[in-house]
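See below for the structure under consideration.
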Amino acid sequence: MSEPQKMMKLYNELVKSVIYEFPDKGKVNISKKQGVYIVYDNKSQPLHVGKTNGAKNGLNDRLQNHVWNQSSFSKLYMQKNKIVLRDWGKFQFIVLEDDRERALLEALTAGLLCPAHIGTGVKK
């Protein structure tokens with residue numbers, strides 16, 4: 001299987017994976033492994049596509065960063081639009097340990113889903 005075919009297979013796996021709600025309180029506790037994820041609004045529109053970069057607690061840490069407004073996505077998009085993920089946000093993910101595959105899948109998924117925040121951090 002070629003690399004582009006593999007990425008399309010992984011993309012399909014990601015978008016067909018289980019959709020979870022962000023917890024009302026406490027920490028995100030979904031996986032300590034590395035992976036790629038999609039954050040959705042309450043109308044199931046993609047807001048953000050992201051990946052882990054080797055965080056100690058993997059997807060748990062990265063998704064929690066968004067909840068605690070400690071990510072560029074939260075600072076550049078969520079705060080401006082008064083979005084609080086605990087109120088209504090959802091996400092889905094797949095575990096993917098290979099750094100290159102995570103980077104490629106994140107790029108492909110962002111390109112296909114056109115999440116709302118892309119381009120919102122451009123300085124004027």
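Here, each number is a calculation from the coordinates, and none is a lab measurement. Worth saying up front: this structure is predicted, and the values here are computed from it rather than measured. Here Cβ is always computed from backbone atoms with ideal geometry, including for glycine, and neighbour counts include all displayed protein chains.
Given LYS6/LYS82; LYS56/LYS80; LYS9/LYS90; LYS25/LYS51; LYS25/LYS56, which pairs have Cα atoms separated by over 27 Å? Beyond 27 Å: LYS6/LYS82; LYS56/LYS80.
Protection proxy ranking of 77-84, 37-44, 103-110, by the mean of other Cβ atoms within 10 Å over each peptide's residues and highest first, is 103-110, 37-44, 77-84. Here segment 3-113 is treated with +1 on each Lys and Arg Cβ and -1 on each Asp and Glu Cβ, and its dipole about the Cα centre works out to around 280 debye.
Share of Cα-Cα pairs in the chain beyond 25 Å, in percent? Tail fraction, whole percent: 18.
Within segment 1-102, the GluC sites (Glu not before Pro) that combine a DSSP coil assignment with at most 14 other C-beta atoms in a 10 angstrom radius are GLU97. The residue list HIS48, GLN5, SER17 was ranked by how far each Cα lies along the charge dipole of segment 3-113 toward its positive end, using unit charges on Cβ atoms, and HIS48 comes out on top.
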